[in-house]
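The values are calculated or read from the model by the stated rules, or taken from the named source; none is laboratory data. Because the structure is predicted, anything quoted here is derived from the model rather than measured. Virtual Cβ from ideal backbone geometry, glycine too; neighbours counted across all protein chains shown.
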């Protein structure tokens, strides 16, 4: 029996079934082939908005050089950073001495490069107070030619004995011609003079 004769013997239903099976086989083969192909890789072009941003480096901190003097435990010149306050400078210098008067300072004020923080001593009645000048002083400075021994004791590094020595020298030799003449007083050296230079006048 030839293929033609066999085909004629098939009913229309058989032929339709064969067609469905054939289509399914071909479709499955095509799907398998499509999935087996390598997928193309899409490379996105980088534009100005997608470029990698380089983080900016933080700006270096500013160094402040400040002289801390007066009634502190370790007076000297110290380095600070921008944003530090007066209280930080006093703490760096070991803190205030018991005789120091911090009420005359603005402890919250920011530090400025090249300035001096002078912690005054708590003076007795008649000493310099905010808004006025004590006897023997000029504009907040102690006049070494007219100040009493008690007033001289309010100066940094000047105790009771040294204050009395200054008054005794002045009484014996006359008034001081300049602040530097204090070097002639026994017990006052360059370090002491530098410490009180900005606190006295003639």
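Brief remarks on what is shown
- A single entry from 18, 22, 10 fulfils the requirement of being loosely packed, with under 11 Cβ neighbours inside 10 Å and modelled with pLDDT under 85: 22.
- When segment 146-179 is limited to residues that are surrounded by 21 or more Cβ atoms within 10 Å (Cβ to Cβ) and assigned to a helix (DSSP H, G or I), the one that is farthest from the chain's Cα centre (by Cα) turns out to be 166.
- From 75, 98, 110, residue being under 23 Å from residue 155 (Cβ atoms), free of Cβ contacts under 8 Å to residues at least 60 places away in the same chain and not assigned by TED's automatic domain parsing to the domain that holds residue 191: 98
- First in segment 186-197 and touching a residue at least 40 places away in the same chain (Cβ under 8 Å) and at negative phi, second anywhere and in a helix (DSSP H, G or I) and crowded, with 17+ Cβ neighbours inside 10 Å, Cβ under 9 Å, 6 or more apart: 196/179; 196/182
- Considering residues of segment 84-110 that are within 14 Å of the chain's Cα centre (by Cα) and in a strand (DSSP E or B) only, the residue farthest from residue 121 (Cα to Cα): 110
- Residues (part of a helix (DSSP H, G or I) and within 24 Å of residue 74 (Cα to Cα)) located in segment 181-202: 182, 183, 190, 191, 192, 193, 194, 195, 196, 197, 198, 199
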